[in-house]
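*Asks:* Supplied in structure tokens, the structure appears directly below.
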Amino acid sequence: MRVFITGAIGFVGGWLLSELARGGHTVVSAPGPQELDIADRDGLARWLSQTGGPPDAVVHLAGMAFAPDAKSDPAEAFRVNVGGTVALFEALRLVGIKPAVLVTGSSDVYGQPKAADLPLNENAPIAPAHAYGMSKIAQEASAIEAAVRHGFPVVVTRSFNHVGPGQRPVFVVPAMARRVIAMQRGERNYIPAGNVDVRRDLTDVRDVVRAYRLLLERTAQDPAPQPRVVNVASGKAVTVRFIIDQLCEIVGLTPRIQVDQSLVRDDDPVEIRGDASLLRELTGWRPEIPLRTTLIDVLAEAAKTV
């Protein structure tokens with residue numbers, strides 16, 4: 001397939017480019033935000049028309065991906081996450097094509113789930129608690145509306161936390177890896193952290209992009225009569241404390257954690273854990289990369305950058 005990708009320059013985008021190429025697909029990347037505003041319908045239409053042929057499928061990754069960024073600038077979060085999604089579908093309509101479209105959403109749409117609802121499947125209550133989650137459920141609704149109203153083959157993911165090399169250090173795992181490396185080098189004698197006992201469902205980004213490829217292939221080859229919403233999750237949750245302990249064990253340190261109140265988020269859910277049964281049913285996908293392998297790779301990258 002010819003697969004067009006928005007947001008290809010980001011963390012997930014780089015891994016997805018490699019995954020699609022390994023799958024035998026031809027990939028065309030949208031220009032970055034300095035050249036093309038993702039909310040510019042006409043600009044997107046020009047890009048779609050000037051790439052040597054129409055796409056068979058589109059992966060829409062572009063948008064704001066870090067919840068605190070959305071909290072700081074909710075208007076921009078809605079502009080790019082929702083406006084960018086609407087603009088993409090409108091651009092496809094302007095060009096007159098209906099490729100399969102995968103839109104990457106977020107488990108943040110579930111908000112602060114109750115223990116009784118875990119693990120979260122796609123029928124769990126939707127209750128976004130902040131600007132990021134609200135923008136992602138609105139993005140999801142925009143994609144579904146385009147599918148229902150205009151006949152686009154669409155799959156929307158609700159992706160749980162994914163980690164791996166290349167992720168910005170504002171996210172918890174690469175942030176902790178850098179602090180562990182700094183401690184290993186004697187630059188500090190403790191590891192500052194926030195909510196260390198919250199539990200999160202973590203999947204290696206390389207497993208995540210494999211799920212995206214499989215879902216995209218399924219949607220292109222066997223379009224569903226209605227748009228699909230699919231969790232991408234490992235089904236297991238670990239604490240931040242466990243992550244720190246593992247990082248320290250890998251480099252041979254005794255973990256010394258000190259809670260930094262500036263890093264504590266009062267609205268952090270106690271546990272988020274997903275049920276990926278639908279993804280498995282549709283594609284046969286299961287996570288393959290152990291968390292320890294992910295942490296080793298993230299530490300290796302941190303050691304080169306700190």
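The values are calculated or read from the model by the stated rules, or taken from the named source; none is laboratory data. Bear in mind the structure is a predicted one, so any value in this text is a computation, not a measurement. Counting neighbours? That spans all protein chains shown, and the Cβs are built from the backbone with ideal geometry, glycine included. Heads up: the accessible areas ignore ligands, DNA and RNA and are worked out on the full protein's heavy atoms, side chains in. Shrake-Rupley method; radii C 1.70, N 1.55, O 1.52, S 1.80 Å.
*Asks:* Among all residue pairs at least 6 apart or on different chains, which show Cβ distances below 7 Å where the first residue, located in region 79-95, is open to solvent by less than 30 Å² (accessible area, probe 1.4 Å) and the second is in a helix (DSSP H, G or I) and of a type in the set (G, A, S)?
*Replies:* Final answer for the pair search is N81/S135; V82/S135; V82/A138; V82/S142; T85/S142; T85/A143; F89/A146; A91/A45.
*Asks:* Are any of the residues in region 150-159 at negative phi, free of Cβ contacts under 8 Å to residues at least 24 places away in the same chain and in a helix (DSSP H, G or I)?
*Replies:* No, there is no match, as no residue in region 150-159 is at negative phi, free of Cβ contacts under 8 Å to residues at least 24 places away in the same chain and in a helix (DSSP H, G or I).
*Asks:* Let me ask something additional. Going residue by residue through region 240-247, is there one that turns out to be over 15 Å from R292 (Cβ atoms) and either in contact with a His (Cβ under 6 Å, 6 or more places away or on another chain) or not hydrophobic (A, V, I, L, M, F, W, C) (or both)?
*Replies:* Looking for residues that are over 15 Å from R292 (Cβ atoms) and either in contact with a His (Cβ under 6 Å, 6 or more places away or on another chain) or not hydrophobic (A, V, I, L, M, F, W, C) (or both), one finds at least one in region 240-247, hence yes.
*Asks:* Checking A70 against (1) within 24 Å of D222 (Cβ to Cβ); (2) crowded, with 20+ Cβ neighbours inside 10 Å, which single condition isn't satisfied?
*Replies:* Checking A70 against (1) within 24 Å of D222 (Cβ to Cβ); (2) crowded, with 20+ Cβ neighbours inside 10 Å, the one that fails is (1).
*Asks:* Now for a different question. Looking at region 176-269, what strands (runs of 3 or more DSSP E) fall wholly within it and have at least 3 residues that are open to solvent by 50 Å² or more (accessible area, probe 1.4 Å)?
*Replies:* Answer list for region 176-269: 257-259.
*Asks:* Residues that are open to solvent by less than 20 Å² (accessible area, probe 1.4 Å) and of a type outside the set (A, V, I, L, M): does region 150-157 have at least one?
*Replies:* yes
*Asks:* Here's a follow-up. Among the residues of region 217-224, is any free of Cβ contacts under 8 Å to residues at least 12 places away in the same chain and of a type outside the set (A, V, I, L, M)?
*Replies:* yes
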